[in-house]
1. Assuming R0 = 25 Å, what is the FRET efficiency of residue 59 and residue 160, from their Cβ-Cβ distance, to the nearest 0.05?
2. Taking the Cβ of each residue in 11, 201 as the centre, tally the other Cβ atoms inside 10 Å and list the residues starting with the fewest.
3. Which order do 178, 29, 20 fall in if you start with the one that has the fewest other Cβ atoms within 10 Å?
4. Once the Cβ-Cβ distance between residue 182 and residue 153 is put in as r, and R0 is 41 Å, what FRET efficiency do you end up with, to the nearest 0.05?
Amino acid sequence: MAVSLLAEALVRWQHAAGPFWPYVCAAPFLATGEDGLLARRARTDGFRRPARHGHAMADRLLTAARMDDPADRPTVLLADLPPEPILAAAPSLVERGWYVVPVVQRWIASPAVLPCRPLMQRLVVGAWRARRPTSPRGAVLIADGERTGPVGYPATVHGRAFDNRYEYQICRFPSTDFLRAHGVERIAWITGGARATERPVRPDLAPYLEDLLRAGLAADVLPWPHL
């Protein structure tokens, strides 16, 4: 049951991502004893609660990206932020014309350095609420802004906790050729990096930013407003 539940959740997110489906990461949906149990709990807990469309979060995200007004050309918004609030806002983003693409490679385990239950709940419950936009404006790529773990967390993990921190390979994100083929000329990049080494973007994604700029695409790196 857990395997089929996770597999269907992945397929639903991929279908909702439209042409951006190859960039929905499969790692959280790979069935193990831990993530299967978390998935079942997430489905049970999540569907007990009414759907919340996250209009305030969608407003905040699009305003920070300077995309609160309609645009004529397709655009990509890369949000390198904690993923759960943006996943919760997916239905509202879809209503406004955005494909929602969870580019989250977090391995699911318990106990683990990066918490998994809230993420799993958003991914499993959100999969049954995910849709394609009827009039697409572009795509919101949700990067895992918590992938490197808490500030000051030791490099070596002792005890039973699984170290599921990670860095991205830039192949996890749309290539410049893919973006050009889909008419994308501008990327708005929202980052919540707090460390000095994470500016203007986190080090693992710096090569991706360089590729975008080298290809002549407009990439606006914008800070996430801490309200």
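Taken together, the values in this text are just the output of simple stated rules run on the coordinates, not laboratory data. Since the structure is predicted, the reported quantities are computational estimates derived from the model, not experimental observations. A quick note on method: Cβ atoms are made from the backbone with ideal geometry, for glycine too, and the neighbour counts reach across all protein chains shown.
1. With R0 = 25 Å, the Cβ-Cβ based efficiency is 0.05.
2. Ascending Cβ contact count within 10 Å gives the list 11, 201.
3. With the fewest neighbours first, 178, 29, 20 line up as 178, 20, 29.
4. It comes to 0.60.
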